[in-house]
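Throughout, read-outs are computed from the coordinates displayed, never taken from laboratory work. The model shown is predicted, which means the values in this text are computed figures rather than measured ones. Note: ideal-geometry Cβ built from the backbone for every residue, glycine included; neighbour counts use all protein chains shown.
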Amino acid sequence: TWTMEAFVEESIREIRARVGDKRVLLALSGGVDSSTLAFLLHRAIGDNLTCMFIDQGFMRKLEPERLVKLFHEQFHIPVQYVNARERFLKQLEGVTDPEEKRKRIGREFIRVFEEESTRLGPFDYLAQGTLYPDVIESADTNVDPKTGERVAVKIKSHHNVGGLPKDLRFKLVEPLRKLFKDEVRKVGRSIGLPEEIVRRHPFPGPGLAIRILGEVTAEKLNILRDADLIVREEINKQGVYHDYWQAFAVLLPVRSVGVMGDHRTYAYPIVLRFVSSEDGMTADWSRVPYDLLEQISNRIVNEVRGVNRVVYDITSKPPGTIEWE
Ligand code: XMP
C-alpha cells in the first residue's frame, strides 16, 4: 500500500541513485509542488541542492518573506533569494497589452534564471515539480537520444514561456512525476508544510502584474498588494478560504469620484473576483455573503489610499475568464 512515509523514503533513494554527488538547481515558486520538491531533494542530497527564489515583485504581500523564513527556520534549507523587482518593473514600463506583459515577464524570468544559475553553478541537474498529468503532455522536455534522459528545454515556471538556450539544457530530476496534485498535497502535509502552502489558491506565474490592468507601476502594486491582503485576511477570519477556488482583487486603471469626510476623492476602483471551479477551465462566480463583501469593501476603502470604490464581478467562465488579463 502507498503511504507517505514509503513515498518519501523511496523518492530519497531514487534521487540519490539518479544524481549521485552532482549538483542540483531548483527554482522555488512558493507553491506546494516546488516546496515539496525542495524538501525531498534536501533530505536526499543536502548541500548539493541549491534552491533559488526569484522575486519578480509580483507576489502577494508578505509571501516572499514568509517563504524564505519558512525554509530557513522550519526546514533549515538555505534559499538564494534573488531580488529582481526593479528589473521586472522596468521591463513593464509603458506596457499595457496583456500578452505583451506576459511575454516580457517570461523573457525576463529566463534572463534572470540564466544569470543566476551561471553565477551559482555549474549545475548538472534541474529539479522540476513535474506531476503525472504534465508527464503525459510533456511539451517542455526533450528526450536526449543518446542517454534516453529527459532534458529541460523550457523552465516549467508557471509562465510556460521562453525556451532555454542550448548550452543551458539541464538534465532533469522529477521526483513528483508519478503523483497527482492531491497526492502532492498529502506528501506536503506529511512533511510539515503549512496549510497555507498546501492548499494555496492557484496563483498565476505573472502574479499581480496581470491583476493590474494596463501599465504596472510601483504605486499600483502597493495599492493592489494592500487590497489583496485585506481580502485574504477577511476570508481567513471567517474561515472560508477553502470555500473558494480563487478569491482576489483586481485594480482597474480608471478613476471615479467619491466622497470621504468632507473631501471629494478621485481614485481607483478595486474589483473583487471570487469563483468556484473544479479545474480552472470553467468557473462560476461565487455567491459571497453580503456581510463579507461589506466588510472587505469597508476595509479596502478606509485603509487603502488610492482606492475609493469596490465592485464585485458577477461573470462566470465562459464567457469571462477568471483573471482579468
Ligand atoms: P483564466 O484567467 O484563463 O485562468 O480563466 C484559468 C486559471 O489559470 C490561472 N492563470 C495562469 N496561471 N500563468 C499561470 O500559471 C498565467 O499566465 C495564468 N493566467 C491565468 C488563473 O489564475 C486560473 O486559475
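Couple of notes before you dig in:
- 3J(HN,Hα) along region 235-250: 6, 5, 4, 7, x, 10, 3, 7, 7, 10, 6, 8, 8, 7, 10, 10 Hz, from the Karplus curve 6.51 cos²θ - 1.76 cosθ + 1.60 with θ = phi - 60°, whole Hz, x for Gly and Pro.
- Among the listed pairs K22/K178; K103/K220; K181/K317; K90/K181; K69/K237, those beyond 26 Å (Cα-Cα): K90/K181
- Listed by chain and number, the aspartates and glutamates whose C-alpha is less than 17 Å from the C-alpha of K166, apart from same-chain residues fewer than 8 away, are E114, E115, E116, D124, D140, D144, E149.
- Dividing the helix sum by the residues of the chain, where each DSSP H run of 4 or more adds -39500 (n - 2.57), gives a mean residue ellipticity at 222 nm of -11500 deg cm²/dmol.
- The local environment of N302, defined by Cβ-Cβ distances under 14 Å, has a net charge of -2 under the rule Lys, Arg +1 and Asp, Glu -1.
- Across region 63-150, the convex hull enclosing all Cα atoms gives 172 Å³ per residue.
- Potential lengthening between E5 and Q74 on full extension [0.36 nm per residue; Cα-Cα distance subtracted]: 22.9 nm
- Helix axis angle, 4-19 relative to the chain longest principal axis, alpha carbon, degrees: 60 degrees
- For region 1-138, the percent of C-alpha pairs falling in each 10 Å distance bin, counted from 0 to the bin holding the largest distance, reads 10, 36, 35, 15, 4, 0.
- Applying D = kT/(6 pi eta Rh) to region 211-312, where Rh is the Kirkwood radius over alpha-carbon pairs, T corresponds to 10 °C and eta to 1.306 mPa s, the Stokes-Einstein value obtained is 112 µm²/s.
- Helix 98-120 and the longest principal axis of the C-alpha atoms of the chain enclose an angle of approximately 40°.
- When the alpha carbon gyration tensor of the chain is reduced to an equivalent ellipsoid, the three semi-axes, largest first, read 37, 22, 18 Å.
- Amide hydrogen neighbours beyond the local backbone of K317, cut-off 5 Å, H modeled: A283, D284, W285
- The trypsin sites (Lys or Arg not before Pro) of region 213-261 that meet both conditions, a loop assignment by DSSP and at most 15 other Cβ atoms within 10 Å of the site Cβ, are R255.
- Cα-based helix-to-principal-axis angle, 32-45 vs the chain, degrees rounded to 10: 30 degrees
- A P(r) calculated from all alpha carbon pairs of region 204-255, with 5 Å bins opening at zero, reads 4, 20, 27, 22, 15, 9, 3 percent.
- The packing ranking of peptides 143-149, 126-132, 93-99, 295-301, highest mean first, is 126-132, 295-301, 93-99, 143-149, where packing means the average number of other beta carbon atoms within 10 angstrom of each residue.
- Extension gain, E303 to E100: 0.36 nm times the residue separation minus the Cα-Cα distance gives 69.9 nm.
- Looking at the chain alone, DSSP beta bridges between its own residues are antiparallel in about 45 percent of cases.
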